[in-house]
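The values are calculated or read from the model by the stated rules, or taken from the named source; none is laboratory data. What you see is a predicted model; the values in this text were computed from it and never measured. With ideal geometry, Cβ positions are generated from the backbone for all residues, glycine too; neighbour counts draw on all protein chains shown.
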Amino acid sequence: MAGNIRENRYRVEGMDCASCASKIDTAVRRMPGVEDVSVSVAAGTMSVRHADDGELAVNIVSRVGKLGYRLHPIAAHQKPAIAAGHTCSGHHDHDHSHDHDHDHDHDEHTHEHDHAHEHQHSNNAAGSALSQQPSSHAHDHGPTNGPWWRSGKGRLTIACGLALAAAYGLGHLVPATEPWIFTLAMLVGLLPIARRAFAAAASGTPFSIEMLMTIAAVGAVFIGATEEAAMVVLLFLVGELLEGVAAGKARASIQSLTALVPKSAYLERDGRVDEVPAESLAVGAVILVRPGDRVPADGIILSGESAVDEAPVTGESTPVHKAVDDQLVAGTVNGDGALRVRVTAAASDNTIARIVRLVEEAQESKAPTERFIDRFSRYYTPGVVVVAALVVILPPLLGGGAWSEWIYKGLAILLIGCPCALVISTPAAIAASLSAGARRGLLLKGGAVLENVGKITAAAFDKTGTLTEGKPRVTDIVGFGRSENVVLGLAAALEQGSSHPLARAILQRADELKLQVPGIATVKAIGGKGLEGIVGTAALFLGSPQAANDRVPMSPEQKARIAALNDEGKTVSVLLSDNEVIGAIAMRDEPRPDAAAGVKALTGAGIHVVMLTGDNRRTAEAIGRQFGMEVRAELLPQDKQRIVGELKKSGFNVAKIGDGINDAPALAAADVGIAMGGGTDVALETADAAVLHGRVADVAAMVRLSRSTMRNIFQNITIALGLKAVFLVTTIAGVTGLWPAILADTGATVLVTMNALRLLRPVKTA
């Protein structure tokens, strides 16, 4: 196609099911100049790539308006200019921790991870509508938000109901006028339906539900069943209205996350604090978050400490203590301390905005089951029309049946055959699951991923930052002739000012115990061995057991104690004072608090769990023993990829769970790659799925969510086809007629939608 191409994105009012989306897609795709169309029922949006022609853009709005929907253009959020020194999403001070080889010295540590931050962001923002485009038809489907009775569907249903009630009253007063009165009452609701039916037919969708409804209602009038025709139209409108309410609830579940972010923020500039719109905050800006306030932007704490309630975003039940250099997520609630925070992401790119955007994009990615149902429905509806025609024609011609009786039955079959419930059975469940998962930090990038997660039979975990917290902690303090507090205090004195992970662990432990750390006169690093310095009058040395033993030979008892700590996978630093061994400090990257329960939940679900790590074997096996899991250690990234391939060849469906960076080859090789992270760009945009809040138990929760979703879809398909099969038989047998027929379709649609909405209940993560 010659000329420039542009892409417009719209909110679509009144689009409540997959058949609606199919009509819109077909109509727009057939327009000259349109290159591609993407319609998302769950998000209520449409993206169109077309020739850069203003008249074509207007015609698209008009064409969709004739189908009964209204389009509202969505602004594409432009990213603000970013100050030098910041990445494309703002500067994230990630505390990346690493697997340590615990056999080396105090000062030399190899690292398992090679972190490279290459962030990419989608420009598809879930923004608000810019303008209200007028529709060329009079019966719009009403606002996406707001009470149902203010929507176009609501007003039309109320008008049709009032007309039908009036017809019943007048029919009793003047019985002779009943056929005409009920026909007029029916036309109140049928005319808009018929207009949409013919617009859809002209746009390439002749077998729409509106067309089936129109044929059935008009046919009923011709055979004298005007009262039933009017009631059928009203029931159809009620069904559409309920479908819209249910679809809106599913949509609102994820969109409600955006309401967590406050509208204003307190910005520090030029020595004063000003209240400004939160959406105006630029990356690098410094804001004040007062006690009790919601955090208005993603950021890093510059000063202050407080307990932060993360439940609205993460579901974490207890407040999390936050201090300098810790990350804050927009929408969380500050506790009792004032915080100065540097903004790390603009409003359109904060964690919540990215979650909403990624979920909406995921909902556009169809699961294999959904694609099968779509293909099936293309043949199903024309097949129903053929069956209805045969029911009308064959019995009177071959068996001498009454034409009016079999025409009535044929019309009922048309209504029974409406595919709404079947078509919505899968996408409704998937949309609800993706939304429910996202609200608990479980991001699955599309229906296919959601379906595959439930099929996994093996889970391969990275160790550092996945099964463990990713940073060493002091586990044991051993005093040889001195108290534990004295040993820790002297070690902390030597480590003051160091940023080494082991030094931070010692200083953190001393801070937790509120020890008075003595001042230090001199300190220097001894390459590959440790630190030495003068504290008071004592000459101290803190380093590896080997370096300490070279200076002062240790007793067999001391060596045995240190060896036992090493066998537990712990790094040991020995403290000397004036050439005397006075103590030892053991540190280890400890398992996450929920790791054991998370691994147990996976094994209980019949999933084989294995650890794949670059750390040394002794450390890895010490951690693995706590979980009762298979351990593969001292691996390079290509080794992890090879092992994942071997598991797949052995017949396993494999999920690889890692930090999404150095595990990229293995994540790509697995059937499902799951990134663990704290809401960072890497966690959000790497792999097939992401566990945002770093809980091992969330992987099991993701599997449960997938399996419950597939059960829900099976239930929905059974409801949709089961009700139709029952009423098809009873209609042909003459037991049921038009009213039950439309109830079979409307009832099935409502049941399927409500069943899918059960998945919006909170996801159990433990």
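Worth a mention:
- Scoring D639 on the criteria (1) touching a Ser or Thr at 6+ places or on another chain (Cβ under 6 Å); (2) free of Cβ contacts under 8 Å to residues at least 40 places away in the same chain leaves a single failure, condition (1).
- Condition check for K455: in contact (Cβ under 8 Å) with a residue 60 or more places away in the chain, in contact with a strand residue (DSSP E or B) (Cβ under 7 Å, 6 or more places away or on another chain) and within 30 Å of A669 (Cβ to Cβ): no
- Residue that is surrounded by the fewest Cβ atoms within 10 Å (Cβ to Cβ) [pool: residues in the stretch 540-561 that are touching a residue at least 40 places away in the same chain (Cβ under 8 Å) and among the hydrophobic types (A, V, I, L, M, F, W, C)]: A547
- Out of A285, A220, A230, sole residue that is at pLDDT below 85 and over 30 Å from L760 (Cβ atoms): A220
- Looking only at residues of the stretch 447-469 that are small (G, A, S) and surrounded by fewer than 24 Cβ atoms within 10 Å (Cβ to Cβ), we find that the one that is farthest from E568 (Cα to Cα) is A448.
- Scan of the stretch 433-464 for residues that are under 30 Å from N616 (Cα atoms) and not in a helix (DSSP H, G or I), ordered by number: I456, T457, A458, A459, A460, F461, D462
- Of the residues screened, V729 is one that is free of Cβ contacts under 8 Å to residues at least 24 places away in the same chain, of a type in the set (A, V, I, L, M) and either surrounded by fewer than 24 Cβ atoms within 10 Å (Cβ to Cβ) or assigned by TED's automatic domain parsing to the domain that holds E451 (or both).
- Of all residues in the stretch 537-554, those satisfying the criterion of being among the polar types (S, T, N, Q) and either touching a helix residue (DSSP H, G or I) at 6+ places or on another chain (Cβ under 8 Å) or not in a loop (DSSP other than H, G, I, E, B) (or both) are Q546, N549.
- Verdict on G437 being in contact with a helix residue (DSSP H, G or I) (Cβ under 6 Å, 6 or more places away or on another chain) and surrounded by fewer than 24 Cβ atoms within 10 Å (Cβ to Cβ): no
- Qualifying residue in the stretch 15-34 (condition: in a strand (DSSP E or B) and surrounded by fewer than 17 Cβ atoms within 10 Å (Cβ to Cβ)): no
- Checking each residue of the stretch 527-536 against the condition of being part of a strand (DSSP E or B) and in contact (Cβ under 8 Å) with a residue 60 or more places away in the chain gives at least one match.
- Reported count of residues in the stretch 573-603, each being free of Cβ contacts under 8 Å to residues at least 40 places away in the same chain and assigned to a helix (DSSP H, G or I), is 3.
- Matching residues, the stretch 704-719, being surrounded by 22 or more Cβ atoms within 10 Å (Cβ to Cβ) and out of contact with any Gly (no Cβ under 6 Å at 6 or more places or on another chain): T709, N712, I713, N716
- Yes/no for E279 being part of a strand (DSSP E or B) and not hydrophobic (A, V, I, L, M, F, W, C): no
- One residue from L667, L575, L612, L647 being touching a Gly at 6+ places or on another chain (Cβ under 7 Å) and outside the structural domain of G489 (by TED's automatic domain parsing): L667
- Filter result for A586 (within 30 Å of V486 (Cβ to Cβ), touching an Asp or Glu at 6+ places or on another chain (Cβ under 6 Å), in the same structural domain as H500 (by TED's automatic domain parsing) and of a type outside the set (S, T, Y)): yes
- Boolean, G401 is closer than 21 Å to P740 by Cβ and not in a helix (DSSP H, G or I): yes
- Only one of the listed residues (A297, A278) is crowded, with 24+ Cβ neighbours inside 10 Å, at pLDDT 90 or above and in contact with a helix residue (DSSP H, G or I) (Cβ under 9 Å, 6 or more places away or on another chain). That residue is A297.
- In the stretch 341-357, the residues that are under 10 Å from E279 (Cα atoms) reach residues that are outside any loop (DSSP other than H, G, I, E, B) with C-beta atoms within less than 8 angstrom, at least six apart or across chains, in these pairs: A347/A278; A347/E279; A347/S280; A347/A353; S348/E279.
- Taken as a whole, the condition of being hydrophobic (A, V, I, L, M, F, W, C), assigned by TED's automatic domain parsing to the domain that holds E451, under 23 Å from I456 (Cα atoms) and more than 31 Å from the chain's Cα centre (by Cα) applies to A633.
- I158 meets the conditions (1) buried (at least 24 other Cβ atoms within 10 Å of the Cβ); (2) closer than 20 Å to L743 by Cα; (3) under 44 Å from the mean Cα position of the chain (by Cα) in every case but one. The failed one is (1).
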